[in-house]
Amino acid sequence: MKHFLVYVNRYKDRDLLMTRRISDFLRLKGQRVTVKTVGGEEEGSSEDFPRNIDCMLVLGGDGTVLQAARETKAGGIPIIGVNLGTLGYMTEIEPANLEEALERLLEGDYIQERRMMLDGRVCFANGATREGWALNDIVISRSGSLQIIRFHIYVNGQFLNRYHADGMIVTTPTGSTGYNLSAGGPLVEPGAELIMLTPICPHSLNQRSIILSPEDTIEIEIPACREGRPQTLEVNFDGSLVMPLRTGDKIRIVRSEKATEFIRLNQVSFLEVLHRKMEE
């Protein structure tokens with residue numbers, strides 16, 4: 001590796017102490033370093049977003065990692081996170097072991113892991129379309145009033161079920177430790193390949209998560225309320241891109257042709273990491 005991008009959440013590294021610690025270490029080792037900051041009053045850097053990056057070091061929490069992955073989807077830049085957040089399921093490096101981890105990166109002592117993503121196409125009732133993608137999840141939720149929403153789900157063109165709930169989470173294995181976990185969905189090893197459907201607070205006693213093949217096509221259709229009134233919802237891609245939905249709209253979700261590359265230093269299993277996180 002010769003060129004590192006340090007992607008910094010200013011709310012997590014307000015004084016840029018960790019950023020300077022990383023940059024100084026790498027430059028002393030003869031590496032080129034570009035810093036990009038997000039959040040705070042001074043966003044961005046003096047340099048344009050470079051294309052010839054060998055590795056992106058993301059300073060923050062899981063949300064910052066998702067934001068960085070969104071910005072580099074087309075470039076396929078390998079990502080490794082430095083945990084300045086709380087749980088940090090998606091971050092690999094703890095600050096106490098920073099220099100050791102950087103040495104291992106420079107020596108090539110790591111593995112790369114591909115994580116599947118989701119593509120979503122919203123088809124509005126007026127014929128317009130918009131697209132988004134997610135590394136973690138695509139979430140359909142109510143917008144406005146607190147009433148239960150209705151939606152119909154089809155898989156590969158076949159009707160699956162109608163739901164009365166607060167919403168629906170369509171998640172990748174990487175996203176299983178996020179909103180899916182809070183909604184009672186299963187935890188999945190992040191390198192697996194599958195798609196999960198987890199209803200949010202379903203108005204039923206027997207509706208649970210559904211595990212689907214990564215090759216399945218999911219379609220979520222927004223009908224009118226039982227009284228015939230239109231519904232107002234929204235779809236959220238990884239907590240950042242939000243699109244409004246109304247009665248007559250639908251969203252089609254498939255596995256993305258792109259994948260996010262993560263760098264792994266730790267040889268411990270996902271179950272060991274999960275055990276440690278659950279004890280914190």
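The values are calculated or read from the model by the stated rules, or taken from the named source; none is laboratory data. All figures in this text were calculated on a predicted structure; none of them were measured in a lab. Cβ coordinates were reconstructed from backbone atoms using ideal geometry, including for glycine residues, and neighbour counts include every protein chain displayed. Calculation scope for accessible area: heavy atoms of the full protein, side chains included, ligands and nucleic acids excluded. Shrake-Rupley method; radii C 1.70, N 1.55, O 1.52, S 1.80 Å.
Observations
- Residue count for the range 103-125 satisfying the condition of being touching a Leu at 6+ places or on another chain (Cβ under 6 Å) and over 16 Å from L135 (Cα atoms): 2.
- Candidates G127, G132 - the one that is without any contact (Cβ under 8 Å) to a residue 40 or more places away in the chain, farther than 23 Å from E189 by Cβ and open to solvent by less than 70 Å² (accessible area, probe 1.4 Å): G127
- Filtering the range 58-75 to residues that are of a type outside the set (A, V, I, L, M, F, W, C) and either under 16 Å from T174 (Cβ atoms) or open to solvent by less than 10 Å² (accessible area, probe 1.4 Å) (or both) leaves G60, G61, D62, G63, T64, Q67, R70, T72, K73.
- Filtered residues of the range 118-140 (kept if modelled with pLDDT of 95 or more and small (G, A, S)): G120, A128
Here is a yes/no grid of residues against (1) without any contact (Cβ under 8 Å) to a residue 60 or more places away in the chain; (2) in a loop (DSSP other than H, G, I, E, B):
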site: V139; (1), (2): no, no
site: L146; (1), (2): yes, yes
site: R150; (1), (2): no, no
site: Y154; (1), (2): no, no
site: F159; (1), (2): yes, no
site: S176; (1), (2): yes, no
site: L181; (1), (2): yes, no
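- Filtered residue count, the range 216-270, keeping only those that are assigned to a loop (DSSP other than H, G, I, E, B) and within 19 Å of the chain's Cα centre (by Cα): 3
- Pair list, Cβ < 8 Å and 6+ apart or interchain, from the range 91-111 residues that are within 19 Å of T174 (Cα to Cα) to residues that are open to solvent by 60 Å² or more (accessible area, probe 1.4 Å) and among the hydroxyl-bearing types (S, T, Y): none
- The set of residues in the range 183-200 being within 20 Å of T91 (Cα to Cα) and either outside any loop (DSSP other than H, G, I, E, B) or among the hydrophobic types (A, V, I, L, M, F, W, C) (or both) consists of L187, V188, A192.
- Within the range 212-226, being closer than 18 Å to A165 by Cβ and open to solvent by 40 Å² or more (accessible area, probe 1.4 Å) holds for E219, E221, R226.
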